[in-house]
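Undergrad: I am attaching a structure below and will ask some questions about it afterwards.
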Amino acid sequence: MAALSKLGSLLRTADLSRPEYFFNRELSWLEFNARVLEESLHTVHPLLSRMRFLSIFYSNLDEFFMIRVAGIKQQIRAGVRERGPDGLTPRQTLVRIRERVRQLLARAEEIFHEKLLPALEAEGIHIYQGRRLSRLPREALEKYFQDQVFPLLTPLALDSAHPVPPLRGLELILWVELRDGSALVPIPQVLPRFVPFHTSHRYGFVPIERLIGLFLEELFPGRKVKEYYTFRLTRNADLEISEAEADDLLELVEKELRRRRLGAVVRLEVSEGMPTEYLHFLMEELEFEPEDVYEVSGLLGLERLWDLLNEVDEPSLLDRPFVPALPSPLQGKSNIFEAIAQGDILLHHPYDSFLPVVEFIQQAARDPQVLAIKQTLYRTTGEKSLIVQALREATNRGKQVTVLIELKARFDEESNIYWAKELEKAGANVVYGMLGLKIHCKAALVIRREGNTLRRYAHLSTGNYNEKTALMYTDIGLLTADPEITRDLAELFNYLTGNSGQREWRRLAVAPENLRQTFLSEIEQCISEHSSEQPARILLVMNSLVDSEMIRALYAASLAGVQIDLIVRGICCLVPQTPVSPTIRVHSIVGRFLEHSRLYIFRSGGTLRVYSGSADWMPRNLDRRVEIVYPLSGQLAKQAEEIAETLLSDTLHTWLLQSDGKYIRRREIETELPLFSAQLEFLRRRSLLKV
């Protein structure tokens, strides 16, 4: 930090650590999910796409409780009272979370029942429940129940001889009130959330719990069913892995995955009207607090609205399909290595096809000149991954294949364990990660013999090697044969596989070694070179901005007069437009595609410096993960800057962060600006929208 003279001076003289200059991380995430929820009302999206946003909202909330709320509750149990940069203790944060979640749930129920359901019905799509079930032929309902549902149900008695059995998280469960006692009926997730039935309308669906409710007495012959209530548990799903004590990391992760299914209860969702005595019984048996109970007036488990969407074949109610483009340097080229050798190629997914990335590995697997492939895998497409299949093929063809699989990639552990075993069986060198660090970087390196020399080719990206998400997430990728970058990457793989101890690289910036310092140095350079004649500018595109040191550095740059534009899709703990952030604007884009790209752009002293990579500005990314950030130069730097500027021009899907923590749609503030969608513009430029 000694070299960071002006930045260091500003950090010392300005009071940049006051709590009012930092938003709470968890509350900021909830505001992101609120934006996702509001997108379900945005009529620029077709109806079923709007339903998709509602489904994502609920799914996001499930994960938030399983990981973030679970972590806060663990801190409280451990007696942690330390205040975060925002000034809140864990207990104070939890109180505010519960308050905001209840507001969001009420809003979600209102949107679903008052807006989306009527809109669905207008399109001939009906969800039957309550009295409306009587309109459906009981014989058809009963036949489906007997044939498809009854064999999978297991009623569980509740009495002194039958304590509460293990109950899975996120599974719908019926509490059945009988005349002479109570019982539970878990609803297996293999059953559809919404059961399709032929009706007078184009599409008719029955929620699975309503269908079962009609025939509950079939499960309790000779006993009278008085009433039933639906509830759903959310359990702590954060793996507790002590790597230092692990003899076999793969075995340890498998063991923790089994424990995850029965983690501590962090939330109980329950249908409206469930008697207090039943709630108290569950609280006692499952050990959670009254504040963890969330009463829902409508349906539970709406994260599975996907089940309904997959049954409706109405293309007019979905986003128009598109054909991703093939970048011009690759058009007409059958050999991808020859194309890359002619110059670096920038990929902007999903507008640019992900196929070149797949072919990069597939051609490497089949090319007799290729001797070795090294690759990181964080999240893949699962058992159908074309890339992993190509790695296995390369091994079978006798090539040296080294794969770094991150077993601790949250919620993808099982898939990664499967592929680790499969690749090991095929003969690949499989490395599970580094002690104490997650390998989050996305990189592939191919070593190819060309004449009497060996040449390296690389792919670096902000996104995962996942063909499915490559159609839904925006990401930046680079195909390069640059000697310095590929040499850096070769040395990085040695660092990852052999714990080489290397701390410096030629062109790459690597976390946790020098990435934080690289960004701080860039901010310092902008501060030092800023002048009224030649103003400096910082333009950042990322998913999350949390790290307090980086935020204070941006505040220092703002105080120095540097114009700073931030496009932060999710969490943003920086407070814009305050006395310490007068030149900072924060945009958030929530649209058809999940904004997942990361670009770090610095312009000062007449020079443009552009980077891309896998790291958000969060403590975990800068200090506790292996991340790669790579420079873009020449035409590619200008191309990346143009992508960022186009995002900055968006008015249709952009929200602006206010100094009070609220987000307001940009078009409601800057009403004079024409409506413009950056994502639609990229689709028009880089791909072909189908009619």
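Each value in this text was obtained by applying a stated rule to the coordinates, not by laboratory testing. Remember, it's a predicted structure, so these values are computed and weren't measured experimentally. Cβ: placed from backbone, ideal geometry, glycine included. Neighbour counts: every protein chain shown.
Undergrad: I need the phi-derived Karplus couplings for the range 606-621: 6.51 cos²θ - 1.76 cosθ + 1.60, θ = phi - 60°, integer Hz, Gly and Pro marked x.
TA: Karplus-based 3J(HN,Hα) across the range 606-621 equals x, 10, 10, 10, 10, 10, 9, x, 9, 9, 7, 8, 10, x, 5, 6 Hz.
Undergrad: If you place +1 on the Cβ of every Lys and Arg and -1 on the Cβ of every Asp and Glu, how big does the dipole about the Cα centre of the chain come out, in debye to the nearest 20?
TA: Numbers: 86 positive and 94 negative charges, 209 e Å.
Its charge dipole is roughly 1000 debye.
Undergrad: Which residue, chosen from Leu520, Leu172, Thr13, occupies the Cα position most advanced towards the positive end of the dipole of the chain, where the dipole is computed from +1 (Lys, Arg) and -1 (Asp, Glu) charges on Cβ about the Cα centre?
TA: After comparing all options, I get Leu520.
Undergrad: Also, I was wondering about something else. Taking Cα atoms, how many degrees apart are the long axis of helix 515-529 and the longest axis of the chain, rounded to 10 and kept between 0 and 90?
TA: Once rounded, one gets 60 degrees.
Undergrad: Something else: What is the calculated FRET efficiency for Asn494 to Ser532, with r their C-beta to C-beta distance and R₀ = 51 Å, to the nearest 0.05?
TA: Numbers: r = 47 Å, r/R0 = 0.93.
About 0.60, to the nearest 0.05.
Undergrad: Taking Cα centroids, how far is the range 427-462 from the range 109-168 in Å?
TA: Their Cα centres are 49 Å away from one another.
Undergrad: Output the 0 to 90 degree angle, nearest 10, between the alpha-carbon long axis of helix 276-286 and the longest principal axis computed from the alpha carbons of the chain.
TA: That works out to roughly 50 degrees.
Undergrad: Compute the relative contact order of the chain as a whole-number percentage, counting only Cα pairs closer than 8 Å that sit 6 or more residues apart in sequence. Present the calculation step by step, with values, prior to reporting the outcome.
TA: On the way: 1271 pairs, mean separation 88.1, N = 691.
Worked out over the chain, it gives 13 percent.
Undergrad: Then there is this: Compute the FRET efficiency between Glu227 and Ala14 as 1/(1 + (r/R0)^6), taking r as their Cβ-Cβ distance and R0 = 56 Å, and round to the nearest 0.05. Don't skip to the end; give the middle numbers.
TA: Numbers: r = 62 Å, r/R0 = 1.11.
It comes to 0.35.
Undergrad: Calculated FRET efficiency, Glu121 and Gln658, Cβ-Cβ r, R0 45 Å, to nearest 0.05? Mind dumping the intermediate values first?
TA: Numbers: r = 37 Å, r/R0 = 0.81.
With a Förster radius of 45 Å, E is 0.75.
Undergrad: Quick one: order Val206, Val431, Val293 by neighbouring beta-carbon count within 10 Å, fewest to most.
TA: Numbers: Val206 24, Val431 19, Val293 16.
The most exposed by this proxy come first: Val293, Val431, Val206.
Undergrad: For the chain, what does the equivalent ellipsoid look like in terms of its semi-axes, each the square root of 5 times an eigenvalue of the Cα gyration tensor, given largest first in whole Å? Let's see the in-between values first.
TA: Values: eigenvalues 395, 186, 144 Å².
Ellipsoid half-lengths, sorted descending, are 44, 31, 27 Å.
Undergrad: On to the next question. When the Cα atoms of the range 322-498 are enclosed in a convex hull and the volume is divided per residue, what value in Å³ results?
TA: Details: hull volume 20.0 nm³, N = 177.
Per residue, the Cα convex hull of the range 322-498 comes to 113 Å³.
Undergrad: Roughly what % of DSSP beta bridges within the chain run antiparallel, to the nearest 5?
TA: Numbers: 78 of 111 bridges.
Of all bridge pairs located within the chain, approximately 70 percent are antiparallel.
Undergrad: Compute the angle between helix 355-366 and the longest alpha-carbon principal axis of the chain, please, reported from 0 to 90 degrees and rounded to the nearest 10.
TA: 80 degrees
Undergrad: Taking amide H atoms as placed 1.01 Å from N in the peptide plane, list the residues 5 or more away in sequence, or in a different chain, whose amide H sits under 5 Å from that of Ile439.
TA: It is Met434, Val626, by chain and number.
Undergrad: For the range 296-302, take each phi angle, set θ = phi - 60°, evaluate the Karplus expression 6.51 cos²θ - 1.76 cosθ + 1.60, and give the result in whole Hz per residue in order, putting x for glycine and proline.
TA: 10, 7, x, 7, 9, x, 7
Undergrad: Given the rule -39500 (n - 2.57) for each run of at least 4 DSSP H residues, summed and divided by the residues of the chain, what is its mean residue ellipticity at 222 nm, to the nearest 500 deg cm²/dmol?
TA: Values: 22 runs with 240 residues, N = 691.
Dividing the helical sum by the residues of the chain leaves -10500 deg cm²/dmol.
Undergrad: Give me the extension gain from Ser134 to Ser297: residue separation times 0.36 nm, minus the current Cα-Cα distance, reported in nm with one decimal. If you can, show how the numbers build up before the last one.
TA: On the way: separation 163, 0.36 × 163 = 58.68 nm, distance 2.09 nm.
Residue separation times 0.36 nm, minus the Cα-Cα distance, leaves 56.6 nm.
Undergrad: Tell me, Glu295, Glu522, Glu338 in order of fewest to most beta-carbon neighbours within 10 Å?
TA: If I rank by nearby Cβ atoms, fewest first, I get Glu338, Glu295, Glu522.
Undergrad: What residues qualify as long-range amide H neighbours of Tyr228, i.e. H under 5 Å apart, gap of 5 or more or another chain, H built at 1.01 Å from N?
TA: Glu177
Undergrad: Would you order Lys399, Lys143, Lys333, Lys442 from fewest to most other beta-carbon atoms within 10 Å of each residue's own beta-carbon? Each step should come with its number before you reach the end.
TA: Working: Lys399 22, Lys143 11, Lys333 14, Lys442 25.
Ranked by crowding around the Cβ, least crowded first: Lys143, Lys333, Lys399, Lys442.
Undergrad: Then there is this: Mean shadow of the range 540-691, computed from the convex hull of its alpha carbons, in nm²? Walk me through the numbers on the way to the answer.
TA: Values: hull surface 41.7 nm².
Answer in nm², one decimal: 10.4.
Undergrad: Next up: Among DSSP beta bridges lying fully in the range 322-498, give the percent that are antiparallel, nearest 5. Don't skip to the end; give the middle numbers.
TA: Numbers: 24 of 34 bridges.
Rounded to the nearest five, the antiparallel share is 70 percent.
Undergrad: Residue by residue through the range 425-439, which ³J(HN,Hα) values in whole Hz follow from phi under the Karplus form 6.51 cos²θ - 1.76 cosθ + 1.60 (θ = phi - 60°), with glycine and proline marked x?
TA: Here the 3J(HN,Hα) series is 4, 6, x, 6, 7, 10, 10, 8, x, 10, 4, x, 10, 8, 8 Hz.
Undergrad: Just the Kirkwood number for the range 476-621, please: inverse of mean 1/r across all distinct Cα pairs, in Å, one decimal. Each step should come with its number before you reach the end.
TA: Working: mean 1/r = 0.0611 Å⁻¹.
It is 16.4 Å.
Undergrad: Ok, one more. Rank Leu656, Leu54, Leu326 by how far each Cα sits towards the positive end of the charge dipole of the chain (+1 on Lys, Arg Cβ; -1 on Asp, Glu Cβ) and give me just the farthest.
TA: Most positive-ward Cα: Leu326.
Undergrad: Here's another thing I want to ask about it. At a temperature of 37 °C and a viscosity of 0.692 mPa s, determine how fast the range 644-685 diffuses translationally according to Stokes-Einstein, using the Kirkwood radius over alpha-carbon pairs as Rh; express D in µm²/s, rounded to the nearest whole number. All intermediate terms of the calculation are to be shown ahead of the outcome.
TA: Values: Rh = 10.9 Å.
Estimated via Stokes-Einstein, D reaches 302 µm²/s.
Undergrad: Given the peptides 70-78, 646-654, arrange them by the average over their residues of other C-beta atoms within 10 Å, most packed first.
TA: Numbers: 70-78: 15.7, 646-654: 20.2.
Most protected by this proxy first, the peptides run 646-654, 70-78.
Undergrad: Still on this structure: How high is the relative contact order of the range 53-146, in percent, with contacts defined as C-alpha pairs under 8 Å that are six or more residues apart? Mind showing how you got there, number by number?
TA: Values: 23 pairs, mean separation 16.4, N = 94.
Answer for the range 53-146 is 17 percent.
Undergrad: Taking amide hydrogens as modeled 1.01 Å from N in the peptide plane, which residues meet the under 5 Å criterion relative to His126, leaving out close sequence neighbours?
TA: Hits under the 5 Å cutoff: Tyr203, Gly204, Phe205.
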